[in-house]
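Written below as structure tokens is the structure these notes are about.
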Amino acid sequence: MNTHNFFTLVMMTILITMLIVGCSAPAAAPTPISPTATPTPVPFTATPEPTSTPTQTPVLIPTLMPPVSQILEGATILFFDPFDELSPERWKFTDDMVKVSEGVVEIQGKSSWATDLIRSASEIEAGKGVIVLFKYMEGTLFSIGLLHGEWGTTESRLFGFTHPFPTGFLVDSWQGTSELTRGASASGNFDFRSGTWYGIVIVVDQDGKMKFVVWDSENPSKQRIFRHVFSDQWYDLDWRLWVNGDKGSVYIDDYMEISFDKIK
């Protein structure tokens with residue numbers, strides 16, 4: 001083999017080797033692309049929804065009617081019952097004969113004075129009293145008063161009135177089973193009418209002094225008044241409202257307990 005052919009063969013061998021090595025070399029790693037920065041998530045703070053609280057209708061305390069301020073100094077309302085319900089915790093009453101509807105209590109009289117509505121949760125003492133709004137239907141016989149003790153016992157006392165009688169109403173004053181003011185009536189300038197709303201305030205003062213005033217709710221200047229001073233056996237007693245029915249229906253709308261400084 002001549003020198004020229006040998007040189008050509010060597011060059012071809014070198015070229016083929018280079019081509020083989022180049023094809024088998026690993027590909028260069030791609031230049032990494034910087035990832036787009038992801039903002040750090042802000043933690044979610046849950047805002048609690050307001051707790052649902054049942055809406056309670058406020059009880060509107062009425063103002064005292066003019067007849068109350070006319071006979072009492074420093075009168076203040078201590079308790080008010082609008083009779084949204086007839087609570088056994090506050091009242092004792094005759095089942096099936098006393099019921100409440102739309103804020104008004106109906107007391108159906110039962111023969112022999114067998115229907116009662118009696119305040120049970122608190123006691124009235126000297127310097128306090130009650131106010132009641134009431135009306136009655138034609139032919140109704142009922143009484144409203146303050147009762148001490150259990151009716152019919154020797155310790156019981158009662159002060160109030162019974163309606164109807166020829167004079168409009170009869171003053172009710174009992175000590176045990178003895179009637180103290182039989183035939184007495186209250187002075188005033190109106191006659192009772194069925195179906196008319198009336199207010200009554202009954203108060204207890206020191207040393208056996210008691211008083212009630214009844215007025216026409218539409219015309220408070222029309223009033224009937226009775227005041228009496230009892231013996232020392234009436235001193236320092238506690239009292240409860242007692243509404244008693246014999247026949248017909250009497251209705252009670254509002255009830256208040258008050259305190260006062262002095263009876264005028």
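For the range 249-264, which positions are acidic (Asp, Glu) and more than 19 Å from Thr196 (Cα to Cα)? Within the range 249-264, Glu257, Asp261 qualify.
Of all residues in the range 189-200, those that are surrounded by fewer than 16 Cβ atoms within 10 Å (Cβ to Cβ) and outside any loop (DSSP other than H, G, I, E, B) total 0. Among the residues of the range 126-163, those identified as over 20 Å from Glu89 (Cα atoms), part of a loop (DSSP other than H, G, I, E, B) and out of contact with any Gly (no Cβ under 9 Å at 6 or more places or on another chain) are Ala126, Gly127, Trp151. Among the residues making up the range 239-264, a single one is surrounded by 21 or more Cβ atoms within 10 Å (Cβ to Cβ) and outside any strand (DSSP E or B): Phe260. For the range 169-181, a residue qualifies if it is in a loop (DSSP other than H, G, I, E, B) and either under 34 Å from the mean Cα position of the chain (by Cα) or within 17 Å of Arg227 (Cβ to Cβ) (or both), and the qualifying residues are Phe169, Leu180, Thr181. Against the conditions (1) under 27 Å from the mean Cα position of the chain (by Cα); (2) loosely packed, with under 14 Cβ neighbours inside 10 Å; (3) of a type outside the set (D, E, K, R), Val130 satisfies every one except (2).
For (1) outside any strand (DSSP E or B); (2) in contact (Cβ under 8 Å) with a residue 40 or more places away in the chain, each residue gets a yes or a no:
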| site | (1), (2) |
| --- | --- |
| Ile202 | no, yes |
| Asp207 | yes, no |
| Val214 | no, yes |
| Leu237 | yes, yes |
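Selection of the range 87-105 for residues being among the hydrophobic types (A, V, I, L, M, F, W, C) and within 20 Å of Gly248 (Cα to Cα) yields Phe93, Met97, Val98, Val100, Val104, Val105. Of all positions in the range 170-185, none carries a residue that is crowded, with 18+ Cβ neighbours inside 10 Å and closer than 20 Å to Met65 by Cβ.
Say whether the condition of being exposed (fewer than 14 other Cβ atoms within 10 Å of the Cβ) and either on the phi > 0 side of the Ramachandran plot or touching a Cys at 6+ places or on another chain (Cβ under 7 Å) (or both) is met by at least one residue in the range 106-126. Yes; the residues of the range 106-126 include at least one that is exposed (fewer than 14 other Cβ atoms within 10 Å of the Cβ) and either on the phi > 0 side of the Ramachandran plot or touching a Cys at 6+ places or on another chain (Cβ under 7 Å) (or both). Among the residues of the range 73-105, just one is in contact with a strand residue (DSSP E or B) (Cβ under 6 Å, 6 or more places away or on another chain) and on the phi > 0 side of the Ramachandran plot, namely Phe83.
All of (1) modelled with pLDDT under 90; (2) loosely packed, with under 10 Cβ neighbours inside 10 Å; (3) within 30 Å of Val130 (Cα to Cα); (4) not hydroxyl-bearing (Ser, Thr, Tyr) hold for Pro62 with one exception: (2).
The values are calculated or read from the model by the stated rules, or taken from the named source; none is laboratory data. If you're wondering where the values come from, they're calculated on a predicted model, not measured in any experiment. Positions of Cβ are backbone-derived with ideal geometry, glycine not excepted, and every protein chain shown enters the neighbour counts.
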